[in-house]
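Notes to accompany the following structure.
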Amino acid sequence: MQVKLPDERGHFGEFGGKFVPETLMTALEELEKAYAKYKDDEDFKAELALYHKEYIGRPTLLYFAERLTKHYGHAKIYLKREDLCHGGAHKINNTIGQALLAKRMGKQRIIAETGAGQHGVASATAAALFGFECQVYMGEEDTNRQSLNVFRMNLLGTEVVPVTSGTKTLKDAMNEAIRDWVTNVETTYYMIGSVAGPHPYPMMVRDFQSVIGLETKAQIHEFEGRDPDVIIACVGGGSNAMGIFYPFIGTGTRLIGVEPAGLGLETGQHGAPLTKGHKGILHGSLSYLLQDDYGQILPAHSISAGLDYPGVGPEHSYLKENELAKYDSVTDDEALAAFQLLSRTEGILPALESAHAVAYLEKLMPDLSKDDIVVINLSGRGDKDVQVAASALGVQI
Amino acid sequence: MIMIKLNRIDGLFSRLREGNKKALMPYLMAGYPDIETSLKLLLAVAEAGADLVEFGIPYSDPLADGPTIQKAANSALRNNVNTDTVFDLVKRARQRTEIPIVAMTYYNTIYRYGLEECAKNAAEAGVDGVIAPDLPPEEAEPWREAAQKYGLATVMLAAPTSTDGRLKKVSEVSQGFVYCVSLTGVTGARTNLPTNLTDFIKRVRKVTDKPLAVGFGISRSEQARQVSEVADGVIIGSALVSLIAEAGDNCIKAAEKYISDVKSAMDS
Ligand SMILES: Cc1ncc(COP(=O)(O)O)c(C=O)c1O
């Protein structure tokens, strides 16, 4: 049996915690209390379940990928279709949950950070649905490579604030969102988009995303009468992976998180803190990070903006340290190949983030037999990525 | 190991208390505008009337800082300043001055250096205390233990949003003084002092006898004087850093004049 984590102080073993300016500590304590109060509240659960079903479109399908299975000729491959969630990615599971909480806490304004723009869109969606004012911080570089999502957020009534500090990507967007929160903490709810940040966010976001794993468990039992042998998910901040892993931790199913190796681990141009990083503190929690010998955060690189983050949620560091999950990486090119492979074999365009999980089949399949069952968390759809993919493949559109 | 040496910070505040004076505590970014000039600035402000210097160790992701200090940090990092560079500057400053020096940085630079190593090297260089705005009392114990072993004070921050319970916890853990964040926000010069500052300081006074220093947003002499009426120390960061940025080659003279003006306003 698993020990229930995090502990009262928000620690997963040595990881996690609350490393934030004092100005935010009271707000975090309030959030903790509110979450503790509502998470088991019948009304809250009923409302969340209603939005799951009637708005997000849950349960999402667990789809048997027959042609992909044949392509490899080893294990049976299932896809958990989070790309079919309203908005096109798993991110909405979290934002609806947090919005319901923010509503009960009496907040009127929501802020969020975004990388690919997927969490930004999911936050903007929840804000529109519940009538919150919403501002999303987005690195300037990301506003350029994901301009479609910027416009989408604007349509949803959200203001996108381009962030020009630091590396102009997700980590800087998160710094800027935290600075906003430090300034407006009394009126504002900070909607963090992954299992990162200070306690209680890693726990809360995991809980909201664990619907993915719970559904997967029920669905695979319906199809196969048993747990899968392997579950694969991509890891940026780690929320889709935590969501599908969580009900399977310590049960014998092999859990594999795939980090972006970018241009190659050896080039230093990647986003793989669990594979190549060192322990440290970023954005409020202790976890593995990309950093230099003096603790300066190093820029990450990935073809997929949603994985372009030098940190990772603390619970993943805990799972790695305790060998409860395994982490590996695939390069931009490998992800791009998987992006095309899944499109052609199954008629499903995966997000470039999710394509990292699909790409891992190349490494995994040779070790598996026909009786094995693999589930891939298809965290999002690829429509947002066609421009990036085209340019990477040298196609002019 | 027993440390008998009285920490320079404690010495400063007990001296000031006897003379009924308040501390002027400027913030400088180590390595900004360049490595040598930052050392000269430290010595110059000490000469000009500063009572304690906060010396920033630059960090890539300073989430409690506004644009002014962010820019200074980035520029120091571009000058290849790292934690050892800063310790080395302090070591050199120590040949010339006994002013208390508090290193201000974010916890990751300390953690990555190694808690014990960092405390040891900082203390050997002549650093008297450390402030890390992202290290609340709940997470501070491992560092505080290492710091204490080498006679370094760990200064905690109190905020207007802190509950009375938290103010108590923060003050109990804090050493040397309590850093009272004047406003709900990040660092950066502001035109006006927050209206509820006096009430906030009163709330902190109620839970502790330790010296209280107020920082964030203070820029003009008149503001410093007002703050010194309620607090034991006045911290000036962004205003000094932007003055240094604007003065260019004249930054040492400009900083000296600014510090001596503020100091006379506080003493008047
Ligand atoms: C489709 C998709 N998958 C994965 C991620 C990575 O986030 P996480 O690791 O938190 O699931 C993102 C982030 O934007 C995303 O849009």
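Just so it is clear, none of the values below were taken in a lab; they were calculated from the coordinates. If you're wondering where the values come from, they're calculated on a predicted model, not measured in any experiment. Cβ atoms come from the backbone with ideal geometry, glycine included; neighbour counts cover every protein chain shown.
Out of region B:62-81, which residues are within 23 Å of B:R190 (Cβ to Cβ) and part of a loop (DSSP other than H, G, I, E, B)?
Across region B:62-81, the qualifying residues are B:P62, B:L63, B:A64, B:D65, B:G66.
In region A:176-209, how many residues are within 13 Å of the ligand (Cβ to nearest atom) and of a type in the set (S, T, N, Q)?
Count: 2.
Of all the residues that make up region A:327-346, how many are within 16 Å of the ligand (Cβ to nearest atom) and of a type in the set (S, T, Y)?
The total comes to 3.
Would it be correct to say that A:T114 is in contact (Cβ under 8 Å) with a residue 24 or more places away in the chain and not hydrophobic (A, V, I, L, M, F, W, C)?
When the stated conditions are applied, A:T114 passes them.
Please specify each residue of region A:288-313 satisfying the condition of being within 20 Å of the chain's Cα centre (by Cα), within 11 Å of chain B (Cβ to nearest Cβ) and not hydrophobic (A, V, I, L, M, F, W, C).
A:P299, A:P310, A:G311
Scan region A:238-253 for residues that are crowded, with 24+ Cβ neighbours inside 10 Å and in contact with a helix residue (DSSP H, G or I) (Cβ under 6 Å, 6 or more places away or on another chain) and jot them down.
A:G238, A:S239, A:M242, A:G243, A:I244
Here are A:L324, A:L349: which of them is within 13 Å of the ligand (Cβ to nearest atom) and away from chain B (no Cβ under 14 Å)?
Every option except A:L349 fails the conditions.
Could you tell me whether any residue of region A:88-110 is more than 15 Å from A:F208 (Cα to Cα), hydrophobic (A, V, I, L, M, F, W, C) and within 16 Å of the ligand (Cβ to nearest atom)?
Taking every residue of region A:88-110 in turn, none turns out to be more than 15 Å from A:F208 (Cα to Cα), hydrophobic (A, V, I, L, M, F, W, C) and within 16 Å of the ligand (Cβ to nearest atom).
Exactly one condition in (1) crowded, with 24+ Cβ neighbours inside 10 Å; (2) of a type outside the set (V, I, T); (3) over 28 Å from A:F208 (Cα atoms) is not met by A:S302; state its number.
Tallying (1) crowded, with 24+ Cβ neighbours inside 10 Å; (2) of a type outside the set (V, I, T); (3) over 28 Å from A:F208 (Cα atoms), A:S302 fails exactly one: (3).
Looking at A:Y55, A:Y35, which is the one that is touching a His at 6+ places or on another chain (Cβ under 8 Å) and surrounded by fewer than 24 Cβ atoms within 10 Å (Cβ to Cβ)?
Among A:Y55, A:Y35, only A:Y55 is touching a His at 6+ places or on another chain (Cβ under 8 Å) and surrounded by fewer than 24 Cβ atoms within 10 Å (Cβ to Cβ).
Restricting attention to region A:120-167, which residues are within 14 Å of chain B (Cβ to nearest Cβ), closer than 23 Å to A:V386 by Cβ and surrounded by fewer than 20 Cβ atoms within 10 Å (Cβ to Cβ)?
none
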